[in-house]
Structure formats: C-alpha cells, structure tokens
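To start, the structure itself, in structure tokens.
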Amino acid sequence: MTITTLSELAQQLSSGKQSSVELTQDYLNRIEESKHNAFISIDPEKSITAAKKADERRATGDTAPLLGVPIAQKDIFCIEGTLTTCGSKILENFVAPYTATVVQKMHDAGIVSLGKTNMDEFAMGSSNETSYYGSVSNPWGSQEQPLVPGGSSGGSAAAVAAQLAPAATGTDTGGSIRQPAAFCGLTGLKPSYGRCSRYGMIAFASSLDQAGPMTHTAEDAALLLNTMVGFDSRDSTSLELPAEDFTHNIDNSLEGLRIGLPKEFFSDGLDSEIAELIENAVRTYETLGATIKEVSLPNTHLALPSYYVIAPAEASSNLSRFDGVRYGYRAEEYSDLVDMYTKTRTEGFGEEVKRRIMIGAYALSSGYYDAYYSKAQKLRRLISDDFTRVFENCDVLMGPTTPTTAFAQGSRTDDPVSMYLNDIYTIPVNLAGLPAISIQAGLTQQNLPIGLHIISPYLQEAKLLNVAHKFQQVTDWHQKTPTISAEKGDK
Ligand code: GLN
C-alpha cells in the first residue's frame, strides 16, 4: 500500500479524474469498515453535502488548492451542528452551536470534514487511553500486540496512518501532534503559539494550546497550514501577521544550514535504536550541505515539572465551565445545586482529568501559588531563554521526538509519571511558544516508526517545512506504511 497525499488528491480533483463526492464516499467507506476506533463520530450526510458543494464550486471555475479534499478533524474542534465530545463523557451529548475558526477557514477553502477523531479526554494524555470512547489501535501494531497510537491526537494519527483520511487536524499543548505523529510514522507540525486561532478549540491549557496539521509529507503540512492560519479577533492571543504561503520556499537549498543538536535530547532515557536512527538522519542533512554542532539547553530538565504545574493550573480553571448547568452531561440524581455540580463532575470526568484538576487547583490555591505556580512560570522563562540563546548560532535544532517507540496498550496506564515522560523533548517547545515538526526518520528492528524532531525560532514554520521537505526528497521513510492487510479497511 502506498501513501496518498493531499497534493496528489488535489491534482486528481482538479484534473476531473475524480469528484469530491466520490473521494469523500471512498474515505467514509474505509472509516466504516476500519477497526482502529480512530473516530468518535462521523456524519456521512454532512460530509457528502460539503463534497457536493466543493464539486459545484469547481464547476464554476474555483481553483482553491485543496477544494474538495476530505480530511479528519480532531474532536476537540467545535463544528456547528456536530457532536463535539473532546473525548469526554461530560460532553457526550454536546452538539456545538458554532464552528472553530481553523475549521471554518478550512471549510471556506473547500476542505471537506470526514468526521471527528478520537483523542485523550480533554487532550490530557499521550496514548489515547484516557478517552471515554475507548483506546485507539496504532496501525503499526497487530492484534497480538496492540500498540498505542500516542496522544492526545491519537485518533487523528491512526486515521492518517491507516489511510482512513489523507490528513487530519491535531492540537499540541505538550506534544499531542508531534508524539502521535512519531508513533504512527507521520509528519506533524505544531505551529508557533498565536499562529492559529484557538477560538472554538476546547481549551486545555490556554497559554500552550496550538492547532496544527498531521499529514504524510511536509508539503501537505504546508498546504494545510496555509488554510489554517490567520488573525482572529475572537482569540486575544491570535497574531496579526502578513499573509504567507508556506509552500513557497519549501524547496530552498539547505546549503549552509546550521543544525544544533541539544545534548539534553540525547539523554539516558533515550532508546539506543532511536538515537542511532536520528544520527543517520542528521548525517543525511550533512550530505545536503548542513553543518552540525552540539549545543546545550541546560534547563530542559525543568520543563516537565514546570509544565505539570502550569498546564493543570490552566486546565483546572478552563474546566470549571463543565458544571452540568449550561450544556453537556448532568448527573441524574442530586439533592441540591452543589450536589449536582459534584455528582456531575465526579461522574462526567475521567481519572486523569480529575488528577489534573486537583493538581492545578492545589497549585493555584492561596499559600501555594508562589511556591508552585509563580515558580513554574519562572522556570518557563529560563527554558525559553535557553532557546533564544542557542538560536543565536543555529538555524534549527534536531533530536528525537520521543524517547521510545509506540508502546503496548495498557503498559503505562498505572504509572502517570512514566506516561508523562513521553513528552520530555516536546514540552520545552510549547513552554517557549516555538514551532516544531516531527517527521518519520526511520524504522526500528521491530518495524516501528521513529520521529525526527525539528525546532525553529519563533514564526519560522516556513524554515521547518523547508528542512523537513528536503529530507523527504532524498529519503523514503515518510512513504513507509504499516501492514494493515488484516484490516478490512485496507484498500
Ligand atoms: N501528553 C501531554 C499531556 O498529557 C500533552 C498533551 C497535549 O499536548 N495535549 O499533558
């Protein structure tokens, strides 16, 4: 099975080889037949109606680049009239009354939404196992050895890897686009904080959350990013920037590119096979004209502790709105208002979400605020300053996206800290607000993909995409697909 890219599909649609309705129906069939549990909901009628509209637009001479191309949407994005659960029981009956800005922009560009993908509850997790709607199986695993797809955008990653969608949206607060992309052999881009509007994207940790594309190639990521970005007055942290075409410089030469390898990213916990494959990838960059040097981000070890104060603190505040009053789940039996709140939240939230709310509320409580929250903010600054310093002499940084490959389902659910350690290389980037990409850069002996993590200075997504694309021009790792012939969904 070969990969199908967005740019190929766009080509097929514009040449008239296939209509959007046919293409969309084909993907909907695959989704219905698949067993990965990658989707929480689909609404075939809505998708086909959108595809028809795209075909009509084309008939009138519209040549929007992704017109009629179907993609999957993470279930964190509100889409008007569509069930939007965020992976939680507390939103099991929530039909969004409005559409998230990034999704609206994609719809305006003619992109068809195929359905809502499974995810860790409120995007809290690294394995998709905290979803109320069940685990997702990584297409690179097998029935005998079921593997997690990563998280929290696990459904999106599995959907693209299993070719149930040519691309998907994800969100990344601490690694949720890049880590599942690495576990499923995809390209996943977390844009700079402020690049994509957060309006209509259910909030986890507002100072860290960013939406981004999950695709097979950097070129596809650029095409999709083009449709997602832009200023939005409804998000106070949205940036007003000049329009940019992220495909424009994607083929630039890498002659003279200065790559920094932070030594902290090659620490003890790193799987030795991954380390070797990353070294090989870096060598490929040397052949493309790049120069390599070791650098240091000395405060990297403070990222996880700082994140696990800041993110839960913000989450505890954001999630206070789920009270059973205005929307979502409400406990059936209660004695008074406070009892209703308590029972609703006790029954509606899963364990991991409750753990985060408790940690966050504790860190913000008077008496502990300075000891935890203020201190974490100071650490965040130190982490951010580390990046500023190394970027004085480097154009990009590289390392592994994750310390291990996809692990077995159930193997880490009882140990939150080992689960949190998954994001050890990705979290510093969110704390600093920087853009970063993960691309498939090899396969282990066990035939599992590994991710090369590339980080650039603020707002230099175009550089990241250029660096990723050039690698994909001279290697074929991104074209490797899992053997999913046992799946009925295999085409
Ligand atoms: N795995 C991390 C967490 O659980 C990051 C999640 C994310 O990026 N949404 O917080």
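Sort region 352-488 into rounded, prolate or oblate with this rule: let a ≥ b ≥ c be the square roots of the eigenvalues of the Cα gyration tensor; rounded if a/c is under 1.5, and if a/c is not under 1.5, prolate when a/b is larger than b/c, oblate otherwise. It would help to have the intermediate numbers written out before the result.
Working: a/c = 3.08, a/b = 1.30, b/c = 2.38.
Judged from the Cα gyration tensor, region 352-488 comes out oblate (a/c at least 1.5, b/c at or above a/b).
Grab the beta carbon distance between Thr342 and Ser418, set R0 = 35 Å, and tell me the FRET efficiency rounded to 0.05.
Values: r = 31 Å, r/R0 = 0.89.
My answer for the efficiency is 0.65.
Would you mind getting me the FRET efficiency between Phe266 and Thr444? Use the beta-carbon distance for r and R0 = 25 Å, nearest 0.05. Efficiency for this residue pair is about 0.90.
Solvent-accessible area of Lys89, all protein chains in place: 50 Å² (probe radius 1.4 Å, heavy atoms, ligands and nucleic acids excluded). In this structure the amide hydrogen of Ser41, modeled in the peptide plane, comes within under 5 Å of the amide hydrogens of Lys116, none closer than 5 places in sequence on its chain. Across region 334-444, the relative contact order, built from alpha-carbon pairs under 8 Å that are at least six residues apart, equals 22 percent.
At a Förster distance of 41 Å, what's the computed FRET efficiency of Arg258 paired with Ser335, Cβ-Cβ distance as r, to 0.05? Please report the intermediate quantities before stating the final value.
Details: r = 65 Å, r/R0 = 1.59.
Calculated transfer efficiency: 0.05.
Site pair Glu45 and Ala408 shows an inter-label distance of 4.5 nm when each label is modelled 7 Å from Cα along Cα→Cβ.
The HN-Hα couplings worked out from phi for region 457-465 by the Karplus form 6.51 cos²θ - 1.76 cosθ + 1.60 (θ = phi - 60°) are x, 3, 6, 9, 4, 4, 5, 4, 5 Hz, whole numbers, x standing for Gly and Pro.
Of all DSSP-defined beta bridges confined to the chain, some 70% are antiparallel rather than parallel.
What is region 1-151 by shape, rounded, prolate or oblate, if you read a ≥ b ≥ c off the alpha carbon gyration tensor as root eigenvalues and call it rounded for a/c under 1.5, prolate for a/b larger than b/c, and oblate otherwise? Verdict is oblate for region 1-151.
Each Cα pair under 8 Å and six or more residues apart adds its separation to the average, and for the chain the resulting relative contact order is 19 percent. Report, in whole Å, the centroid distance computed from the Cα atoms of region 232-303 and region 382-421. So the separation of the two Cα centres works out to 12 Å. Amide hydrogen proximity for Ala72: with H placed 1.01 Å from N in the peptide plane, the residues at 5 or more positions away or on another chain lying under 5 Å are Leu114, Ala167, Ala168, Thr169.
Annotation: amide H of Val295 within the under-5 Å range of Leu261, Lys263, sequence separation 5 or more or interchain, hydrogens built in the peptide plane. In order along region 437-447, the Karplus-derived 3J(HN,Hα) couplings, from 6.51 cos²θ - 1.76 cosθ + 1.60 at θ = phi - 60°, round to 9, 10, 10, 5, 9, x, 10, 7, 3, 7, 6 Hz, and Gly and Pro are given as x. Once all protein chains are placed together, Asp336 keeps about 80 Å² accessible to a 1.4 angstrom probe.
Protection proxy ranking of 278-290, 424-436, 299-311, by the mean of other Cβ atoms within 10 Å over each peptide's residues and highest first, is 424-436, 299-311, 278-290. Here region 257-272 is scanned for amide nitrogen atoms under 16 Å from the site 7 Å beyond the Cα of Leu382 along Cα-to-Cβ, giving 264. Between Ala59 and Ser296, the distance separating the two model label sites (each 7 Å from Cα on the Cα→Cβ line) works out to 6.7 nm.
The 3J(HN,Hα) values that the Karplus relation (6.51, -1.76, 1.60; θ = phi - 60°) gives for region 393-398 are, in residue order, 10, 9, 8, 9, 10, 9 Hz. Gly and Pro appear as x. Here each label is just a point 7 Å from Cα along the line to Cβ, and for Ser365 and Asn93 those points are 3.3 nm apart. Residue ranges 136-143, 30-37 sort as 136-143, 30-37 when ordered by packing (mean number of other C-beta atoms within 10 Å per residue, highest first).
For region 1-57, just say rounded, prolate or oblate: build the C-alpha gyration tensor, square-root its eigenvalues into a ≥ b ≥ c, call rounded for a/c under 1.5, and beyond that prolate if a/b exceeds b/c, oblate if not. Since a/c reaches 1.5 but b/c is at least a/b, the shape of region 1-57 is classed as oblate.
The values are calculated or read from the model by the stated rules, or taken from the named source; none is laboratory data. From a predicted model like this one, the values you see are computed outputs, not experimental measurements. Using ideal geometry, Cβ is built from the backbone for each residue, glycine included, and neighbour counts are taken over all protein chains shown. Accessible surface is based on the protein model in full, side chains and every heavy atom, while ligands, DNA and RNA are left aside. Shrake-Rupley method; radii C 1.70, N 1.55, O 1.52, S 1.80 Å.
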